[in-house]
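A.B. asks: Input: one structure, supplied below.
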Amino acid sequence: MSVDQFALTPLRIGQLYERIAGRLREEIAAGALPPGARLPSERDLARALEVGRPSVREAIAALKNDGLVETRAGAGTFVTADAPALLLDAPAASPDTSVTALLEARAELEPAIAALAARRGERDPELEALLESMSGVASLGDPAARARWRDGDRAFHRRLAAMTGNPLLARVGELVAATMDEPLWRRLHDDAVTDPRRARVFAAEHRLIYEAVADGDPEAAALYAGRHVERVRRDITG
């Protein structure tokens, strides 16, 4: 029998966080982790599965987004009462991009984008107004405030890419911004910026990048962009 005579679908190797989440879903479905059960700590899961803690954190965030687990302050992460039913009813969905993969790409792309934008050396009133609104954040305690701040964060990175004057890099900026709007990134990002002081630090770093761009200083723009991505990585992945 030839390959053409039956259907074959491509083999797909999932992202690491997907495989971890899949293993935990299997344990929940099998009853090894019944409703109300406390999950092992991130450290213990990472050790048992021989993976890094950032991937475990992404997997747990994905399970939270699916309503399968919940975190209780000071107590840990627990399987929800509805988890078995949700697993039975869960539709097949395309997985989000790994936060680790997104940050790796941003670390490579954003310093180069900032440097090229700086070679244009232009000020941008739209971006200045955006930075002003982000730096004035007073509270991120409610979901609406976090959503507004997140929208501003994505808009900053889109606008910076557009300032390169390169349409392909502008499209890259749109792709990065769209990835930053995926539920997995939103979950982990929101957890990192609920403290207004941390949000103001992010906004101040945006300001440093922009001022270097406006001053026509590619080296400074690339430096500040790289430092910003590294801070985001530390705050989100731990």
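The values are calculated or read from the model by the stated rules, or taken from the named source; none is laboratory data. Only a predicted model underlies this, so the values are computations on that prediction, with no experimental measurement involved. Virtual Cβ from ideal backbone geometry, glycine too; neighbours counted across all protein chains shown.
A.B. asks: Starting from the stretch 40-63, take each residue that is in the same structural domain as ILE28 (by TED's automatic domain parsing) and list its partners that are of a type in the set (S, T, N, Q), counting only C-beta distances under 7 angstrom and pairs at least six apart or across chains.
C.D. replies: Once the first residue is in the same structural domain as ILE28 (by TED's automatic domain parsing) and sits in the stretch 40-63, its partners that are of a type in the set (S, T, N, Q) give PRO54/THR100; PRO54/THR237; SER55/THR100; ARG57/THR237; GLU58/SER98; GLU58/THR100; ILE60/THR77.
A.B. asks: Still on this structure: Listed residues ALA59, ALA48, ALA75, ALA81; which is within 13 Å of ARG23 (Cα to Cα) and surrounded by fewer than 14 Cβ atoms within 10 Å (Cβ to Cβ)?
C.D. replies: Result: ALA48 is the single residue among ALA59, ALA48, ALA75, ALA81 that is within 13 Å of ARG23 (Cα to Cα) and surrounded by fewer than 14 Cβ atoms within 10 Å (Cβ to Cβ).
A.B. asks: Does any residue in the stretch 221-233 that is in the same structural domain as GLU122 (by TED's automatic domain parsing) and of a type in the set (Phe, Trp, Tyr) come within less than 9 Å, Cβ to Cβ, of a residue that is in a helix (DSSP H, G or I) and surrounded by fewer than 21 Cβ atoms within 10 Å (Cβ to Cβ) six or more places away or on a different chain, and which pairs are these?
C.D. replies: Listed by first residue and then by second, the contacts come to TYR224/GLU205; TYR224/LEU208; TYR224/GLU211.
A.B. asks: Residue by residue through the stretch 22-38, note down the ones that are closer than 19 Å to ALA61 by Cβ and either in contact with a Leu (Cβ under 9 Å, 6 or more places away or on another chain) or hydroxyl-bearing (Ser, Thr, Tyr) (or both).
C.D. replies: Passing the criteria: ARG23, LEU24, ARG25, GLU27, ILE28, LEU33.
A.B. asks: Hey, which of the helices (runs of 4 or more DSSP H) in the stretch 1-102, taking only ones fully inside, have at least 2 residues that are farther than 24 Å from ASP190 by Cα, over 23 Å from the mean Cα position of the chain (by Cα) and at pLDDT below 90? Quick ask: steps written out before the conclusion?
C.D. replies: On the way: elements: 16-30, 42-49, 53-65, 83-89.
Where helices (runs of 4 or more DSSP H) fall fully within the stretch 1-102 and carry at least 2 residues being farther than 24 Å from ASP190 by Cα, over 23 Å from the mean Cα position of the chain (by Cα) and at pLDDT below 90, they are 16-30, 83-89.
A.B. asks: Do the conditions hold for LEU188, that is, is it within 15 Å of the chain's Cα centre (by Cα), in contact (Cβ under 8 Å) with a residue 60 or more places away in the chain and under 24 Å from ALA62 (Cα atoms)?
C.D. replies: For LEU188, the condition - within 15 Å of the chain's Cα centre (by Cα), in contact (Cβ under 8 Å) with a residue 60 or more places away in the chain and under 24 Å from ALA62 (Cα atoms) - is met.
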